[in-house]
1. Would you say residue 121 is at pLDDT 95 or above and either closer than 30 Å to residue 281 by Cα or assigned to a helix (DSSP H, G or I) (or both)?
2. Condition check: without any contact (Cβ under 8 Å) to a residue 60 or more places away in the chain and either open to solvent by 20 Å² or more (accessible area, probe 1.4 Å) or of a type in the set (A, V, I, L, M, F, W, C) (or both). Does residue 301 satisfy that?
3. I want to confirm something. Restricting to region 228-275 and keeping residues that are part of a loop (DSSP other than H, G, I, E, B) and of a type in the set (S, T, N, Q), which single residue is surrounded by the fewest Cβ atoms within 10 Å (Cβ to Cβ)?
4. Please count how many residues of region 276-291 are assigned to a strand (DSSP E or B) and open to solvent by 10 Å² or more (accessible area, probe 1.4 Å).
5. What number of residues in region 193-218 are open to solvent by less than 40 Å² (accessible area, probe 1.4 Å) and either part of a strand (DSSP E or B) or at pLDDT below 95 (or both)?
6. State whether one or more residues within region 319-331 are under 23 Å from residue 453 (Cβ atoms), at pLDDT 95 or above and surrounded by fewer than 24 Cβ atoms within 10 Å (Cβ to Cβ).
7. Residue check: is residue 523 of a type in the set (Asp, Glu), at pLDDT 95 or above, closer than 30 Å to residue 63 by Cβ and open to solvent by less than 30 Å² (accessible area, probe 1.4 Å)?
Amino acid sequence: MLHDTFFGRRLHRVAAAALLAGAMAGASTAQGTLTVAMTAGDLPDWAGMPDQGFEGWRFVGYSIYEGLVAWDLSRSDAEAVAMPGLATSWDVDESNPKRWIFELREDVTFHDGCPWNADAAVWNFSRLTDESHPSFNPVDFARARSRVSTVVEVEKIDEMTFALHTEDVESLFDYNLLYVLMVSPCAYEAAGNNRAEYATAPAGTGPYLFDSAVPTERLELVPNPGYWNPDRMPQHDRLVLLPMPEATTRAAALLAGQVNFVEAPSPDMIPELEGAGMQVVTNEYPHYWPYRFNHLRGPFADPRIRQAANWAVNREEMVALLNGTAIPAYGAYTPNQTDFGDPMRYSHDPEKARALLEEAGCLPCEINVGISTSGSGQMQPLPMNELAKAHLEAAGFEVTFEVMDWNTMIGIFIQGAVSHPQYDAINFSSATMEPLQFVKSFMKKFQTPGGSNWGGYHNEDVEALLAQALETFDPEKQSALIKQAHEIAVADGANLFIVSDLNPRAMAPNVKGFVQARSWFQDITPIRVE
């Protein structure tokens, strides 16, 4: 016998029914070209699991592909929640809580006409978990590893039903499936299981089709006329994605009419953009800009030094630098998120920070920090890091930066602090949008590359609370345990929590229909260019 897990603060069968019941008989006529200036330094990879951080997922991954589970990004006034995607429902086997059973959406095909069914689902998960699979690719394996590392068996049940078996009981496992994208087995095998060849004609089930790409310059997508969800048919004729890592360049391109949608414009240019009639939107985000500490070696293995760093930083001054496009960060969650709890709030107290460094025998305290020049969620990383350095050095630290491009930083993050002991910390932003993301960032069990715990953070109380959360399927009990763990991790100085992003975007006056969700991801399909 099976039971619904309700996907904690989540939607399941009810959401699936509402989605289908609300489908319109036909979508409105698409119009115009949406041209986006991204913060990425290069085009996101479109041949499966994307790169360039979550910006790559936002504009490419979720445009061409889909997962079993999807985000509901239709609202700006509440936390984004998960909803059915290519699976209409999922349940945990009552007799075996390590076995997750998925009912798949019918009448869906990949862009190349390949059918979506249990065979396609089994093929996708097998190639991401089994190195002997003919279509295994180390690039997709590495990018999916933190999401599928606990899958030990993939099982076909019938034509539209399959199961995933996990190594341990993992009540939050289904959140992983928001990030595991399904590619067409037919297209991949037709390309001889060659990822580069597949990239010339990629095929997912998403609302956009790949049209063309000029490496390092532009990627063009067009609406998928056979998309299964009429409510999300793109409302523009073409989507053009341009990498522009410089914030001032993005804003200038918008003012010059070269683009009509800009990610993260320079805060200093927002008044000029608004004065020119551009639309600037912000919203509270489940996203924070931290230093992730190396807990395995070096100064930050000592909690006093981690706490000193948190007392040293002037968060209000950082918000002022960003012209109010951020709020102070007091943890991995924002105060309005469900699992924030009531953690202590570090204020700016350089004297307390210096006293802790002296007590720990690290004054001056030399640290080497890896930072990037741009990137998804990195906000304005160079001026922000210079200000953070000034704050830290005023309290007794001596900071050395190693500056790199965003994709190099992503590689360092995926490999973990074990592989990069030269860094005492890295500046790597994080979108804590759902409880599993928090669990995977603060449990030793999920140290990278098997999760998101880059620095090997370990606190026995946090570990016990999160292990208990993973064993309960009651959303309220899960939330209570995660709140406690968050409070302890903050007091322990697990990371240097600096600011949370309000993620400004700027758009031309003729861009209509965009709803900025409280998520790092956004639904761009409703946008019209009039």
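1. Considered against the rule, which asks whether it is at pLDDT 95 or above and either closer than 30 Å to residue 281 by Cα or assigned to a helix (DSSP H, G or I) (or both), residue 121 comes out as yes.
2. The answer is yes for residue 301.
3. Filtering first and then ranking leaves 258.
4. Of the residues in region 276-291, 3 are assigned to a strand (DSSP E or B) and open to solvent by 10 Å² or more (accessible area, probe 1.4 Å).
5. 2
6. Taking every residue of region 319-331 in turn, at least one turns out to be under 23 Å from residue 453 (Cβ atoms), at pLDDT 95 or above and surrounded by fewer than 24 Cβ atoms within 10 Å (Cβ to Cβ).
7. yes
Matching residues to (1) of a type in the set (Lys, Arg); (2) under 23 Å from residue 82 (Cα atoms); (3) modelled with pLDDT under 95:
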| position | (1), (2), (3) |
| --- | --- |
| 393 | no, no, no |
| 438 | no, yes, no |
| 495 | no, no, no |
| 502 | no, yes, yes |
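The values are calculated or read from the model by the stated rules, or taken from the named source; none is laboratory data. None of these values were measured; they are calculated from a predicted model. Ideal geometry is used to build each Cβ from the backbone, glycine not excepted, and the neighbour counts take in all protein chains shown. In case anyone asks, the SASA skips ligands and DNA or RNA and just uses the protein heavy atoms, side chains included. Shrake-Rupley method; radii C 1.70, N 1.55, O 1.52, S 1.80 Å.
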